[in-house]
Amino acid sequence: MKLTDYIKAKRGNAKALADKLDISPSFLSQLANGQAPISPERAVQIEYETDGQVTRKDLFPDIWPQIWPELITSPRGDVERRRAPGRRETDKKIGRRTRKPAQP
């Protein structure tokens with residue numbers, strides 16, 4: 001849900017959310033309308049204070065994977081685990097090196 005939609009959904013939402021975020025309702029309106037930038041930290045606060053109705057993904061639709069890669073899910077719905085290139089999953093689990101040591 002867009003922040004503007006959340007604010008308009010119920011009378012008093014803007015004032016209540018602004019109070020929770022410790023900002024003025026007019027500044028909240030500027031954030032919602034794109035007149036003031038929303039920081040990643042503020043986006044987390046907004047998601048928390050709206051009980052997930054306005055998510056970080058909603059606030060940063062184009063770049064959220066770069067900011068919060070932990071939110072990326074696989075097609076099955078579980079969180080994808082990112083691993084270092086060149087390492088096999090089994091090697092990572094047992095702590096084995098991926099390259100063979102040089103032979104004398």
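Exactly one residue out of Arg42, Arg81 is surrounded by 10 or more Cβ atoms within 10 Å (Cβ to Cβ) and either modelled with pLDDT under 95 or touching a strand residue (DSSP E or B) at 6+ places or on another chain (Cβ under 8 Å) (or both): that is Arg81. Could you tell me which residue of region 2-15 is surrounded by the most Cβ atoms within 10 Å (Cβ to Cβ), considering only residues that are over 15 Å from Gly34 (Cα atoms) and hydrophobic (A, V, I, L, M, F, W, C)? Among those that are over 15 Å from Gly34 (Cα atoms) and hydrophobic (A, V, I, L, M, F, W, C), it is Ala14. Restricting attention to region 45-63, the residues that are touching a helix residue (DSSP H, G or I) at 6+ places or on another chain (Cβ under 7 Å) and either surrounded by fewer than 11 Cβ atoms within 10 Å (Cβ to Cβ) or among the hydroxyl-bearing types (Ser, Thr, Tyr) (or both) add up to 2.
The values are calculated or read from the model by the stated rules, or taken from the named source; none is laboratory data. This one's a predicted model, so the numbers in the text were calculated from it and none came from an experiment. All Cβ positions, glycine included, derive from the backbone under ideal geometry; neighbour counts span all protein chains shown.
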